[in-house]
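Taking it in order: structure first as structure tokens, then the write-up.
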Amino acid sequence: MNERDKRRIGEQIEPGGRPKAPGRLELLQRFVNSYNHDFPPEWDRIGTPESAQAWLRQKRLIAPADRVREADVARLRDLREAIRTLALANQGAQAGKAATDVVRKAAGPARLRVSIDGAGRTALEPDARGVDGAVATLLGILHEAQLSGQWPRLKGCRQCGYAFFDRSKNRSAAWCAMSICGNRTKNRAYYRRRRAPAS
Ligand SMILES: [Zn+2]
């Protein structure tokens, strides 16, 4: 895979070529996949106020007039990594207090309200503008996915941490792409075993 394609993973290209998460959960998946620790820090799509503002605007999470500050970048990235940890916990591990604390703190100013359309359909909508509203939308999606039962299928890859949607029947997928991350893990284990002194 060339650099141009690597830079598109998480937006135009799904990790491992898997189908994206369904419905609004795709947006939360994109948020988690706005960065991967395997790539240079400057590839972080929300790594600076300018890039975060452009990304949030493109996703209609903020209005054109809304501004993103340095402090917003920090809390967005903290929230992203906390949600990644929750997605990794969908592999069967405990999420840990640190991650849930970050989400709880982010949820403080991120108010949601129930809206209703002409057909009587209700939805959770942010009750604030700017980054607070964006965080509220993302947390609303997380909540909805937990209610719908889709959330446990959004997993963090055990190798690279990308969020992927596990469509397998028995929910057994552990890596974003078995051909890349699965083999990388296996090779590493293989070399570890080989390096280990014979007993
Ligand atoms: Zn992976």
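The values are calculated or read from the model by the stated rules, or taken from the named source; none is laboratory data. As the structure is a computational prediction, the values presented were derived from the model and not from experiment. Cβ placement follows ideal geometry from the backbone for every residue including glycine, while neighbour counts extend to all protein chains displayed.
With the structure loaded, tell me whether LEU142 is in contact with a helix residue (DSSP H, G or I) (Cβ under 9 Å, 6 or more places away or on another chain), assigned to a helix (DSSP H, G or I) and buried (at least 16 other Cβ atoms within 10 Å of the Cβ) or whether it fails that test.
In short, yes.
Can you tell me which residue in segment 134-171 is nearest to the ligand (Cβ to nearest atom), limited to those that are of a type in the set (Lys, Arg) and more than 13 Å from the chain's Cα centre (by Cα)?
The extreme case among them is ARG158.
Please identify the pairs in which a residue from segment 18-34 that is closer than 11 Å to PHE164 by Cα has its Cβ atom under 8 Å from the Cβ atom of a residue that is at pLDDT below 95 and among the hydroxyl-bearing types (Ser, Thr, Tyr), counting only partners at least 6 apart or on another chain.
Within 8 Å, the pairs are VAL32/TYR162; ASN33/TYR162.
Which residue, of ALA198, ALA123, is assigned to a strand (DSSP E or B), hydrophobic (A, V, I, L, M, F, W, C), modelled with pLDDT under 95 and away from the ligand (no atom under 16 Å from the Cβ)?
The conditions single out ALA123.
Are any residues in segment 2-56 assigned to a helix (DSSP H, G or I) and hydroxyl-bearing (Ser, Thr, Tyr), and if so, which ones?
Scanning segment 2-56 gives a single hit, SER51.
How about segment 112-133: which of its residues are surrounded by fewer than 14 Cβ atoms within 10 Å (Cβ to Cβ) and either under 20 Å from the mean Cα position of the chain (by Cα) or basic (Lys, Arg) (or both)?
Scanning segment 112-133 gives ARG113, ARG121, ARG129.
Only residues that are hydrophobic (A, V, I, L, M, F, W, C) and not in a loop (DSSP other than H, G, I, E, B): list them for segment 148-163, please. Show your work before the answer.
At the first step, the residues of segment 148-163 found to be hydrophobic (A, V, I, L, M, F, W, C) are 151, 154, 157, 160, 163.
Across segment 148-163, the qualifying residues are TRP151, LEU154, ALA163.
Just checking, does segment 89-108 include any residue being under 30 Å from ASP5 (Cβ atoms), modelled with pLDDT of 95 or more and out of contact with any helix residue (DSSP H, G or I) (no Cβ under 6 Å at 6 or more places or on another chain)?
Within segment 89-108, one or more residues are under 30 Å from ASP5 (Cβ atoms), modelled with pLDDT of 95 or more and out of contact with any helix residue (DSSP H, G or I) (no Cβ under 6 Å at 6 or more places or on another chain).
Residue under question is ARG113, and the condition is that it be part of a helix (DSSP H, G or I) and free of Cβ contacts under 8 Å to residues at least 24 places away in the same chain; does it hold?
no
List the number of the failed condition for ALA74; all other conditions in (1) part of a loop (DSSP other than H, G, I, E, B); (2) more than 17 Å from LEU28 (Cα to Cα) hold.
Of the numbered conditions (1) part of a loop (DSSP other than H, G, I, E, B); (2) more than 17 Å from LEU28 (Cα to Cα), the odd one out for ALA74 is (1).
Starting from residues that are touching a residue at least 12 places away in the same chain (Cβ under 8 Å) and in a loop (DSSP other than H, G, I, E, B), keep the ones in segment 89-110 and report whichever is nearest to ALA173 (Cα to Cα).
Across segment 89-110, the extreme among qualifying residues is GLN91.
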